[in-house]
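FYI, it's all coordinate maths here, none of it is from the lab. This one's a predicted model, so the numbers in the text were calculated from it and none came from an experiment. Positions of Cβ are generated from backbone atoms using ideal geometry, with glycine treated the same way; all protein chains shown enter the neighbour counts.
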Amino acid sequence: MMTTPAIAADSQTAADQRPGWRLVIHGGAGVIERHRLTPDKDREIRDGLERALAAGADILAAGGSALDAVEATAKVLEDDPNFNAGRGAVYTYQGTNELDAAIMDGRTRAAGAATGITATRNPITLARAVMERSPHVFLSREGADQFSREQDLDQAPPEWFATPERLRQLEELRARPSAEYFDVDLKYGTVGAVALDVNGHVAAATSTGGLTGKRWGRIGDSPIIGAGTYADDRACAVSATGAGEYFIRVGVAHEICARIRIGGESAQAAADAVMAEVGELGGTGGVIVVTPRGEGVYSFNTPGMYRGEASAAGRSVAVYGDE
Ligand code: ASP
């Protein structure tokens, strides 16, 4: 018969064996090469990634939850105009900014997401409100905007999201023949965070403006649970970035978790295998993954991915594929 002291001793041992907290972030993948970024832009991107890592790392180091950490991290990147999420989101074909976000809690597999939203300053906070304060998982467009107002979330006018560089990218796209309107490289900067907290729980968050020139209410993978975002304490937490159409078809985030949970693969093997599948279909992009075992990995098939990681051992950020 199990006695109370024995249980206490066992759980003490389990806590001692936990791998410690870990945070991995991305700020988008694509044709990111040294000659395309000025030294100033390179610095601004790295500073933005470092600020975001700091926000999440402070929470995790103080014993906070993975869920709070990924939300806080994503908010910093959403407010930074260098990234395609929140402020600095790409434009739709009509010249508006329509934002998508999703968040998932690995403890319970609770999830929340919103697509096509136009007025919430931090879309990731709306995704979290959908998860925690509505009976639903996924809200869209006017309804999601309305829910955001009803929940008293911070609202922002269209000018808050608008940036000259994203407008220039839309104009560049519109100047092309219409057959070339689908350009996954005119959008760097979707943001994502995955975290493991000291209690062994994982969470994932992803936020984006989608693709430049998107039309017809197009929705990418980022807000789709199982495609661009997934978290399950039995396996891993994943956030993806890239050509969303391919990530949806492969079910990337869930597939990585399934390979780890059912197939017993390492995080790196699972992420690489699933990114290879995306590549075989013709898709480009990348993923970040953490596991309750303490693994934290990147996998991408583009020349670069804005990315960073933090743990009790330190912090690092990187931009190009060879770093
Ligand atoms: N995956 C996003 C989308 O397809 C874009 C990106 O990650 O850059 O909407």
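Descriptive notes on the structure:
- Net charge dipole size for the chain [Lys, Arg +1 and Asp, Glu -1 on Cβ; Debye, nearest 20]: 260 debye
- Taking packing as the residue-averaged number of other Cβ atoms within 10 angstrom, the listed peptides 55-61, 309-315 run from highest to lowest as 55-61, 309-315.
- Computed over the chain, Cα set: Rg, Dmax in Å: 18.9, 75
- Within the chain, percent of DSSP bridges classed antiparallel, to nearest 5: 90 percent
- Rough spin-label spacing in nm, given labels placed 7 Å along Cα→Cβ, for residue 31 and residue 320: 1.7 nm
- The value for region 247-323 of Rg(Cα) / (2.2 N^0.38 Å) is 1.11.
- For residue 139, nonlocal amide neighbours, meaning residues 5 or more places apart or on other chains whose placed amide H falls under 5 Å from its own, are 113, 114, 115.
- Rh (Kirkwood; distinct C-alpha pairs) - region 185-323, Å: 14.8 Å
- Mean separation of Cα pairs under 8 Å and 6 or more residues apart, divided by the residue count, gives region 148-257 a relative contact order of 20 percent.
- 3J(HN,Hα) along region 146-162: 5, 4, 4, 5, 4, 8, 6, 6, 4, 9, 9, x, x, 4, 4, 7, 6 Hz, from the Karplus curve 6.51 cos²θ - 1.76 cosθ + 1.60 with θ = phi - 60°, whole Hz, x for Gly and Pro.
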